[in-house]
Amino acid sequence: MFKKFASKLKLFLNNNKVFLLFFTISLIVFSVWLIAFYPGSMSPDSEDQWMQAAKGLIGNHHPYFHTLLIQVMQKIWYNPAFIALTQIVIASFLGAYFLSYLVKKGLNKIIAILLLGFYLLSPSIGYYNIALWKDIPFSLGIFALSIIFVVSSIEGFPKSKFRLILLVLLTVGVSFLRHNGIFIILLIPITFYAFKIFTLKRTLTFLILTLVGFVFLNNILFTVLKIGKSNFITTAPLLHIVGGVVSSGYELTEDERVVLEKLIPIENLKERYDCRVVNPIIFNNPDFNSIVLKDDQYKSEFDQLSISIILRNLPSAISNRFCAFFNVVGINRAAFMYDEPGNEPTEFVENYKIPVYKETQLSRLLYRYVTYTVEKDLTNLVFWNVSPYILITLIVAMIRRNKYVLGYTIISLFNLIPLFAGGVGGDYRFIYSIHITGIFVIALLLLPKSNTGANAV
C-alpha cells in the first residue's frame, strides 16, 4: 500500500514540477509581505466587518456574504493573518497553476518565468494579498473563473455533474463578494454558451442552478440569519450623480429640494461635490444625515426622485459617470490609499484583541518600495495604474481573435460596465481583478496558435 502511494506521489511530482516550483516561490515571496505587516492590512471598512463578525451582528452595508466568511474564519483562527494567509495561498496557487498549464501547452518557460517575476514583484499584488477587503477575494474569484474558461476552451469542460456544481458554487460565491458582482450570475453561463463550451441544455442547467444559488443567498439565508438591511448601497451613486447634475446648473423644484434637504443641504452638496469620488459628500461630512436613510419610505422617495432628475439631465449625468470612471481606471495618477500602520495599538486593536503591528526594518523597506512605485510616474503606470492593463488586454484580444482570448477578455473586463454605471470611489482595489488578469493575458498572446479549443459539452 505504501509503495502504491509512493508511486502515485512520485508520478504527481514529476508531472507537476513547474507548478510546484512556481507555487512554492510565490508562497514564499507573498508571505514576506505578511511577515512584514503582520497581522495584515486593515482599513476602516475591514475593521467594521471584523467587528460585525465578532459580535455576530452582520449587516449588508458591506456584502454580508464576505462578512459571513470572515466570521467562519474567526472561529477557526481569531487572527486577521489567517485571512491574509488564505488570500496569499489562493493567489499563489492561481498564478502558478495558470502559468504551469500554459507551459504545458507550449508557452516558452523563459516567458513564464518573466511573467511570474512581474506577478511576484508587483507591490500592489503583494500588498493587496494581505489586505482584508472584499475586493481581494472578489478579484481572485474573477481570476479563477477566467482561468477555468481558458482551460475549458482548450480542453473542454468535464462532463462530471460534480464539476458543474463546483463551478456554480464558485460563480455564485464570487458574485456575492461585491454589491456590483451580481453580473457574474449571468455573465459566466452566457459566456460559456456563446463560446461553445456548454451546449444550450447544459447552459440552461448552469443558469438555473446559479439563479437558485442567488435566491438562496439573497433571500433565504439573508432572512434566516437576520442580516441587517442597508439602504446606503444605492444611495451613494445616485446622490453622486444628482450632485453632478445640481452642480452643473440644474434648478431643483421646491418638492425636489425638500426631499434632498432631508439628506444633505443643497449648498453643502454643491460645495463638496467632486466628480471623481463620492467621499467628500458623505464621509466626514457633518451635514450628511445618514439617519434618514433608515426610513424605507424616504429611501423609496429619494430613489424615485433621483432617477427622475438623472433621466431629465442625461448629459450632466453621463459627464459625472465618465469623470468617476476614468478616475478609477487610472487615467489620473493611481494612489496608495492607506498610510503605514502605526506602532501604537488603536482602540479597535485593544477592544478586539488583534495582534499589534510591530514596525521592523523589513516593513520599512517594503513600505518605501510601495511609496516609491506610487510616486514615480513610470512605476505608478506599471504597478498601480490599471489603464495599461485594459489597453494590453484589448490589443491581445484583437490580435489573437480566438475564443479563449476573447472570453478571457470579456470576463476580466466586464467589471468595467457596473463600475461605469455606479462606481463612486477612487480606490484602485475596485478594479484589482483587471490588474491580475492583465498580467497573464500576455501569456495567451504568446501561446502557440495550435490551441484552438474543444467541442461543447
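The values are calculated or read from the model by the stated rules, or taken from the named source; none is laboratory data. Computed from a predicted model, the values in this text were never measured in an experiment. Cβ atoms come from the backbone with ideal geometry, glycine included; neighbour counts cover every protein chain shown.
A few remarks follow.
- For Pro158: the one exception among (1) out of contact with any Ser or Thr (no Cβ under 9 Å at 6 or more places or on another chain); (2) surrounded by fewer than 21 Cβ atoms within 10 Å (Cβ to Cβ): (1)
- Residue check for Phe183: touching a helix residue (DSSP H, G or I) at 6+ places or on another chain (Cβ under 7 Å) and on the phi < 0 side of the Ramachandran plot: yes
- Count of residues meeting criterion [under 16 Å from Ala236 (Cβ atoms), surrounded by 15 or more Cβ atoms within 10 Å (Cβ to Cβ) and of a type in the set (A, V, I, L, M, F, W, C)] in region 258-291: 10
- Where Ile90 falls short, out of the listed (1) exposed (fewer than 15 other Cβ atoms within 10 Å of the Cβ); (2) under 16 Å from the mean Cα position of the chain (by Cα): (1)
- The lone exception for Ile188 - which of (1) under 30 Å from Glu155 (Cβ atoms); (2) under 28 Å from the mean Cα position of the chain (by Cα); (3) without any contact (Cβ under 8 Å) to a residue 40 or more places away in the chain it fails: (3)
- Criterion applied to Leu120, Leu102, Leu114 was being touching a helix residue (DSSP H, G or I) at 6+ places or on another chain (Cβ under 7 Å) and surrounded by fewer than 20 Cβ atoms within 10 Å (Cβ to Cβ), and the one residue passing it is Leu120.
- Residue within region 3-15 that is closer than 30 Å to Ile354 by Cα and either at pLDDT 65 or above or out of contact with any Phe, Trp or Tyr (no Cβ under 6 Å at 6 or more places or on another chain) (or both) present: no
- Considering region 39-62, and only residues there that are in a loop (DSSP other than H, G, I, E, B) and within 13 Å of Leu132 (Cβ to Cβ), the residue that is farthest from the chain's Cα centre (by Cα) turns out to be Pro39.
- Qualifying residues in region 219-242 (those that are without any contact (Cβ under 8 Å) to a residue 40 or more places away in the chain and assigned to a helix (DSSP H, G or I)) - the one farthest from Phe420 (Cα to Cα): Val224
- Contact map, region 361-383: residues that are under 9 Å from Pro123 (Cβ atoms) paired with residues that are of a type in the set (Gly, Ala, Ser) and part of a helix (DSSP H, G or I), Cβ distance under 9 Å, separation 6+ or inter-chain. Pairs shown: Leu366/Ala36; Leu366/Gly126; Tyr369/Gly126; Val370/Ser124; Val370/Gly126; Thr373/Ser124; Phe383/Ser124.
- Residue list for region 107-146, restricted to those being farther than 16 Å from Ser26 by Cα, aliphatic (A, V, I, L, M) and assigned to a loop (DSSP other than H, G, I, E, B): Leu107, Leu132
- Scan of region 357-403 for residues that are surrounded by fewer than 17 Cβ atoms within 10 Å (Cβ to Cβ), modelled with pLDDT under 85 and basic (Lys, Arg), ordered by number: Lys358, Arg401
- Of all the residues in region 147-178, those that are in a helix (DSSP H, G or I) and of a type outside the set (Val, Ile, Thr) number 14.
- No other residue among Glu256, Glu251, Glu267 is modelled with pLDDT of 90 or more and more than 33 Å from the chain's Cα centre (by Cα) apart from Glu267.
- Filter result for Leu305 (aliphatic (A, V, I, L, M), in a helix (DSSP H, G or I) and under 25 Å from Asn327 (Cβ atoms)): no
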